Structures are given as structure tokens and as C-alpha cells.
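Since every read-out is calculated from the coordinates, none of them should be taken as a lab result. Bear in mind the structure is a predicted one, so any value in this text is a computation, not a measurement. Heads up, the Cβs are rebuilt from the backbone with ideal geometry, glycines too, and the neighbour counts pull from every protein chain shown.
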Amino acid sequence: MTTPRWEARADLLVVGTGVAGLTAALRARELGLRVLVVTKAAGEDGNTRWAQGGVAVVLPGEHDEGDTVDAHVRDTLVAGAGLCDEAAVEAIIAGGPAAVARLRERGAVFDAAPTGGLARTREGGHSAFRVVHAGGDATGAEVERALLAAASDGRVPVLEQHVAVDAVRTPLGQVCGLLVLDGNGVPGVLSAPAVLLASGGLGQLYQATSNPEVATGDGLALALRAGALAADVEFVQFHPTVLYTGRGARGRCPLVTEAVRGEGAVLVDATGARVMRGVHPLEDLAPRDVVAAAITRHMAGAPGGVDDHVFLDATGISDFARRFPTVHAACLAAGVDPAGEPIPVAPAAHFACGGVVSAVDGRTGVTGLYAAGEVARTGLHGANRLASNSLLEGLVVGTRAAEAVAADLALGVLAKPSASAAVELPTAPVADRDSLQRVMSRYAAIGRDAEGLAVVGSVLDLSTVDRKLDGRQLVEDAALTVAARALIAAAAEREESRGCHVRTDFTERDDARWQRSQVVRLNPSGQPVLADPVVARGVA
Ligand code: SIN
């Protein structure tokens, strides 16, 4: 039994300082709630700041001729390859204009068009120019800056370098706080009737990712241990173009935003042949899953054997350095001048389309537990997220989650923090991170088959030991272990190819059997298992 060595209270605990978490915290504060934001790193270390392309939104009076919210909904559904929840898509996309207006009121500055209004670009899967951006290709950084500034003005405290280990629950299973370790590994309890997970994704499951080091699936693991369900976890989106910096790249690789293709760049191979020609009617602006899979196939079939990258020819973009300063700087640092030569690129893990099953107001099936942003599975993304829909989702669902917490508090349906159960640091299976990343990259990335997924399972079996989660690295490694197990369970079962889930042994999409989501829960021994179809039907 661990006795917490420190304790603090709030009405709402928000885990994560990305767009969803900070938006929720600010809205909760406006509603008069005492909010505490917790992050295992520094406030600005989340995934949001790395987002480049922008926010997909159809603003009133500022859109391409004929573009509508309905068209944005349609593009999202097409990209999602038959697995989106249509009602969730409509609700979130329709909430976009108000969410962007609120963000601008909070101080975010978007790039202006020379003709007035906001500049708009286009990305894969979008039928119109509707992606608003900031700092050229630094949209996430601007959103993060504005929200952190508003949080410090708005007296929203941020507890940095504190990792959330587990939910504290009442004997009835309601969430009423968090068990947290401080930077020195000292445990403590944060008590609150509501906890919002906004902890981002799980790109660190793979050796190469566009995600920062913090993206280790902690929120997904915490939610599963608290009794929540997860869905669509087999759909991890690979971004088609991260900067290729040499064989065996590890960790966060610089993104080359899809907006570069939106503004005319094309994918070519070492011989100069177009990669996307004849693959999809939208060619280089096909949805992201299509482009990433086509590049992977192209590399595998390269003359003379397997290639590990292709090229993005952006030499036709005359003002590249001004329009894409972040990408330009990353290219120059890698010795590539995008004005004069094609940029070497390859796909890398980018975004978890699935996650904790949540409504569009962040409510999960567990009283007191809410989720928003990449950690959540609202049904917006289906089997493949439409580009630049994620900042949008964070803004809309973050706001609604705060409002849902306020409503639930007013209704008196949440637990009283004092009713908390005994608190103990959990013990959980922890795999060796290097082995996990190696086999996930080899067998559970783009192009999976039954045999390879079974190899992942065997390697995890061999490299996993039960450990008490008494440090940040152990919390992260345990989360990666649960996330990997959940992903391979769902990926092995789904005997078809759809969206980001590409099976080399089941190459076709099979709507008759598989136009449904799979739901994962933890069994009593802490292993992720697929929930039975009755539970899954309630979600899908
Ligand atoms: C990009 O700019 O290509 C990434 C944006 C996104 O993931 O939505």
C-alpha cells in the first residue's frame, strides 16, 4: 500500500497541454471551475506544437466557391473509409467555425490572404482550399503559444513534470482523481470529481514518427485500466512525408507538411517517375492512407530492390522559404535545399485514429472520466483521419468536454473526491521499448499479415515483465505495451485492408464483414482483449 506523500484538489484535472487540454481548461475556467492541468513534461512539450498544415474549417464568407460544411463532412467520411460515426463528424465539423473564432479571440493569429480574410491551403482528401494556417507551416506552434498565454493570463495552473500513473476510483468505479508521480518519482494524489484525458497519441510505438517523445499512449492505457473502452486502435495513420535523414532514423522525424503537395509539389522516385500517377484520381492529394501505402509499395518495388525513401519535388514552389519556413529550416539542417532539389521523404507513424471511446462532448463510459483530442475516439476519423481535422477536433471537443463536466457537476452525478478508494501504485506488464518499437515497425506498420502480427505478440511475451510503475519511463513503457497489445489484437482480427490498416494477406476492403469498429477492453489480468460484438455494436 502506497501512502501518497502529497495531495491537491480541483473540480477538473486535465492531463495534457495540447490543443484539446488547454481549450478545455480555459473553457472550464470561464465556467467557474477550479482547474488543474497536469503534464509529464513542460507545458509546451506536447504534440500540438508540431502540427504544421493547419485547421480544416469552412468559415462563413471565406471559402472556395461552392465549398460548404457539408462538403467538408463528405470529405471526412470518404477519407474515413466507411468507419466514421456520421453524427460525430457532422457535430464536430459544424462546430469548427465557432471554435476557430474563439481561438482567434484568445489571441491566435492566422496567416492573412493578400486579398483579405484568412489564407487557405489544401491537403490530401480535401475537395477545396479550406485549411487555415499560421506562421506559414507553424500552425500548431501558434495555437500552442496562444493557448498557453491565455492559460497563464486566465489563471489556469499547469503542474509540469508530473506523470499521471492511474485514475483514482471509488469503490463503485467512478473516477475521482489521479495518482501522480512528481519529477523525483514521489507519489501523490490529485483529487477531483472529473478527469479529462487530453494526453495525445502513441507515435512512439514505432521507431520513426512525426510525434515527440511524450507520445507514448499513456492516456489510452490509463483509461483502459480505469475500465474505459477503446476502439479503432488498429488504425494508426502514417504521414506520407517526413524528412528522410538516412537509414535507420529513430524518434521524432521532421514533418514535411502535406500542404507542400497542396501547393503543387509532387512525389517522385529516384528515376523522376511520379509515384501517385494512376494510383488515385486526386494523385498527390489523395487521402493520406492512400498516399502512404502507395509510397510504401513503390519503395518495395523499386528497381534493384527495396528503397527506403522517395522524393518530394517542390522546386516549382517559388517562395518555399517564406511559405514553409519550418520545413525549409529542417531541410537546410539536413543539407537539402528544397528550392533546387527534391526533398527525400518517407512515411512515418503520425496519428492514432482510434483511442478511448468518447462522445463528442468527451464523456467516456466511466463516470468522471472524459477524453478529448488524439487520445479519444469520437468517431470523427474512422479508419483514416482527414488532414488537419485534428486541431479542429481538439478545439471543438475540448470546449464541449469542459461544458459536459460543468453540467455533470451541476447535476451532482460525479463522485465526491473524499469517497476515493485506497490508492496504490499499480503493477503492470512492461515490455522492452527497443524490442517493441522494432517489431511494431517491422510487422505492424503499413503492410501487416497474420504471421508478422503473431511475431509481435511473441516478442512482447518474451520481453515483458511485471513492474511496479514507480517512475515516468515505466509508466510510458507500460502504456506502450498495452497500446501495442491492443493494436495487434485488433489488427490480427481485422482480416481486410481499410484506411490505415493495410493487410498484405487480406488486400481487399470487406464491407460485408468489416464495416464496423472493434472495441478493446482490459481483461481482469490486465491484457487488452476484443470486446464481444454486443458491446462493439453499442459503440460503432
Ligand atoms: C500536415 O501538415 O501534413 C499534417 C497535418 C495533419 O496531420 O493534419
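Below is a table of values for the structure above.
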{"item": "Single unsatisfied condition, G183 versus (1) crowded, with 19+ Cβ neighbours inside 10 Å; (2) more than 16 Å from the ligand (Cβ to nearest atom); (3) assigned to a loop (DSSP other than H, G, I, E, B)", "result": "(1)"}
{"item": "Matching option when the condition is more than 22 Å from the chain's Cα centre (by Cα) and either charged (D, E, K, R) or not in a loop (DSSP other than H, G, I, E, B) (or both), among V465, V439", "result": "V465"}
{"item": "Top-ranked residue of segment 339-363 - restricted to ones that are surrounded by 24 or more Cβ atoms within 10 Å (Cβ to Cβ) and part of a loop (DSSP other than H, G, I, E, B), ranked as nearest to the ligand (Cβ to nearest atom)", "result": "C353"}
{"item": "Residue within segment 42-54 that is in a loop (DSSP other than H, G, I, E, B) and surrounded by fewer than 17 Cβ atoms within 10 Å (Cβ to Cβ) present", "result": "yes"}
{"item": "Among residues of segment 67-88, those that are closer than 19 Å to S517 by Cα and not polar (S, T, N, Q), counted", "result": "12"}
{"item": "Inter-residue pairs, beta-carbon under 7 Å, first farther than 20 Å from E496 by Cβ and in segment 447-464, second surrounded by fewer than 18 Cβ atoms within 10 Å (Cβ to Cβ), 6+ apart", "result": "V459/S435; S463/D432; S463/S435"}
{"item": "Every residue from segment 104-126 that is over 19 Å from A259 (Cβ atoms) and touching a helix residue (DSSP H, G or I) at 6+ places or on another chain (Cβ under 8 Å)", "result": "R106, G107"}
{"item": "Residue count for segment 146-174, restricted to those that are under 15 Å from G43 (Cβ atoms) and among the β-branched types (V, I, T)", "result": "3"}
{"item": "Hey, L409 surrounded by fewer than 24 Cβ atoms within 10 Å (Cβ to Cβ), in contact (Cβ under 8 Å) with a residue 60 or more places away in the chain and under 20 Å from L196 (Cβ atoms) or not", "result": "yes"}
{"item": "Residues satisfying the stated conditions in segment 255-284, i.e. within 14 Å of the ligand (Cβ to nearest atom), surrounded by 21 or more Cβ atoms within 10 Å (Cβ to Cβ) and not basic (K, R)", "result": "L255, V256, T257, E258, A259, V260, G262, A265, L267, D284"}
{"item": "Members of segment 376-398 found to be within 15 Å of the ligand (Cβ to nearest atom) and among the charged types (D, E, K, R), listed by number", "result": "R385, E393"}
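Each row is one residue, and each column tells you yes or no for (1) in a loop (DSSP other than H, G, I, E, B); (2) surrounded by fewer than 17 Cβ atoms within 10 Å (Cβ to Cβ); (3) of a type in the set (F, W, Y); (4) touching a His at 6+ places or on another chain (Cβ under 6 Å).
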site	(1), (2), (3), (4)
V14	no, no, no, no
L22	no, no, no, no
A25	no, no, no, no
A28	no, no, no, no
G32	yes, yes, no, no
V37	no, no, no, no
K40	yes, no, no, no
